[in-house]
Amino acid sequence: MSDRVSDGSLVQRAQRGEVAALDALAGRYRPMVMKIALRLTRNRADAEDATQEAMFRMFRALLDFRGESAFSSWLYRIALNSAKTALIERARRLRVFASAHEDDERHRLEPVDGSTPEALTLAAEIGAMTFAAVQALPLDQRNALALCQVDGLSYLEAARIMECPIGTVRSRVSRARQAIDQRLGAISAPVDCP
């Protein structure tokens, strides 16, 4: 199935029972759903469970989709809800079984040609501090920041997905940036001595 086929066309065909159209929608959006789930759960197993649940919810609710919003926005909301449900389930499991903390997936910096050990160390420290600053944000601010800054959505698109006014999204992104700036304010570049 070609990527040139619009979401609307695929949705209509899937609503009429065309399995190939349903498969095309799933194939087109599964990576986006997994990315959202990984960002929120920070755990591959939970993200895979959330992705599977989101895709199942999409299949089940597709007949009720009326096209009042973009299909991607509608599915994005399902993905967020599935990831939140996965977080609740993980918290419940942790309370019941008192298991060890789950490991976070962290991005590793690859050496760049010509980088000094000091520059690589500083870059790694900045990366770790930035990651910690983002993870310390409240979930609503982290989601707004990720939708607008990472996923490149407009404030209007993010507002539709988050089901809140556009001003709220702007405020959450602004507060998130301020919080990150405050945490990173202590970082200063090393001064070269003559």
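The values are calculated or read from the model by the stated rules, or taken from the named source; none is laboratory data. Keep in mind the model is a prediction, meaning the values are calculated, not measured. Using ideal geometry, Cβ is built from the backbone for each residue, glycine included, and neighbour counts are taken over all protein chains shown.
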Apart from one, (1) within 20 Å of L153 (Cα to Cα); (2) of a type outside the set (A, V, I, L, M, F, W, C); (3) modelled with pLDDT of 90 or more all hold for R60; the odd one out is (1)
Condition set more than 11 Å from the chain's Cα centre (by Cα) and among the polar types (S, T, N, Q), scope region 123-148, selection modelled with the lowest pLDDT: answer is T130
Checked region 140-175 for anything more than 15 Å from N81 (Cα to Cα), aliphatic (A, V, I, L, M) and touching a residue at least 40 places away in the same chain (Cβ under 8 Å); matches are A146, V150
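Quick one: in region 23-53, of everything that is among the aliphatic types (A, V, I, L, M) and surrounded by fewer than 19 Cβ atoms within 10 Å (Cβ to Cβ), which residue is farthest from the chain's Cα centre (by Cα)? Even if it seems obvious, please write down each step before you answer.
Start the filter on region 23-53 by keeping residues that are among the aliphatic types (A, V, I, L, M), which leaves 24-26, 32-34, 36-38, 40, 45, 47, 50.
Narrowing the set further to residues that are surrounded by fewer than 19 Cβ atoms within 10 Å (Cβ to Cβ) leaves 26, 32, 38, 45.
On the way: A26: 17, M32: 8, L38: 7, A45: 15 Å.
Once the filter is applied, the top-ranked residue is A26.
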Sole miss for N81 among (1) at pLDDT below 90; (2) part of a helix (DSSP H, G or I); (3) more than 13 Å from the chain's Cα centre (by Cα) is condition (3)
If you go through A20, A50, the only one that is of a type in the set (G, A, S), part of a helix (DSSP H, G or I) and either more than 20 Å from V5 (Cβ to Cβ) or in contact with a His (Cβ under 9 Å, 6 or more places away or on another chain) (or both) is A50
Considering region 150-194, residues that are under 30 Å from P117 (Cβ atoms) and small (G, A, S), and then whichever is modelled with the highest pLDDT, we arrive at G185
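Give me a count of the residues in region 10-22 that are surrounded by fewer than 18 Cβ atoms within 10 Å (Cβ to Cβ) and without any contact (Cβ under 8 Å) to a residue 12 or more places away in the chain. I'd like the intermediate steps shown before the answer.
Residues of region 10-22 that are surrounded by fewer than 18 Cβ atoms within 10 Å (Cβ to Cβ), as a first pass: 12, 15-20.
The next check asks that each one be without any contact (Cβ under 8 Å) to a residue 12 or more places away in the chain; those that pass are 12, 16-19.
Looking only at that region, the number is 5.
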